[in-house]
């Protein structure tokens, strides 16, 4: 049997060590979630060379479908109204089918300037916020996540004024606003936007429209259900908002 040259043995040891280090490094980044580990390993070498956060730079995407081109055009349009923010464009690369309404993973992370707490939008409006970041990827908590801490300060635009309230989510991932005074003349179709009363979400980003109104069981206030403007079931391209210093 032919012996393996010592040079090749050293090379194999180095390669094996590199693979092991990569797996350990990215495992700590994503708490040993294999799908996220593989995503970060794949996108790390790509994102090292893409540092321009103000241009849409979707790598490895086939733009044959007209709807994908239209989605990019919408993103460019909405970015023009956010002068106080740098716009980091990204592509959705992972989504857990068991928790479809909870979170997504995008192909940009620390190397692109993304940090936790940043607001995330698409061409139609708010979709969520960044909750964790690795070098080349980030997790986005969607607005439909039914986590009890997922609360957003919003305003309802009426004809003569706006109403500031807190929007949250029920166990079925439905967005709603409760505690609305019966005297307020809200109606189906009224627009709901971010209020700007938090450090995360800028003011005036569209969220959705009121699609149903109910009275509470005591009849002293109203509860309004919100239909998101964004198609949260079909997210492909998103924008992360980084406040300018």
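The values are calculated or read from the model by the stated rules, or taken from the named source; none is laboratory data. Quantities reported herein were computed from a predicted structural model and do not represent experimental measurements. Virtual Cβ from ideal backbone geometry, glycine too; neighbours counted across all protein chains shown.
Within the stretch 136-165, the set of residues being at pLDDT below 90 and either closer than 14 Å to residue 103 by Cα or in a loop (DSSP other than H, G, I, E, B) (or both) comprises 146, 147, 148, 149, 150, 158, 159, 160, 161. In the stretch 213-244, which residues are over 15 Å from residue 178 (Cα atoms), touching a residue at least 12 places away in the same chain (Cβ under 8 Å) and not in a strand (DSSP E or B)? Matches in the stretch 213-244: 229, 230, 231, 232, 233, 235, 236, 244. Summed over the stretch 166-183, the residues that are assigned to a strand (DSSP E or B) and in contact (Cβ under 8 Å) with a residue 24 or more places away in the chain give a count of 9. Residue under question is residue 108, and the condition is that it be over 30 Å from residue 216 (Cβ atoms), at pLDDT below 95, touching a strand residue (DSSP E or B) at 6+ places or on another chain (Cβ under 9 Å) and not in a strand (DSSP E or B); does it hold? The answer is yes for residue 108. Kindly indicate whether residue 210 is surrounded by 19 or more Cβ atoms within 10 Å (Cβ to Cβ) and assigned to a strand (DSSP E or B). Yes, satisfied.
Within the stretch 63-105, take every residue that is in a loop (DSSP other than H, G, I, E, B) and closer than 29 Å to residue 146 by Cα and give me the one that is modelled with the lowest pLDDT. Across the stretch 63-105, the extreme among qualifying residues is 82.
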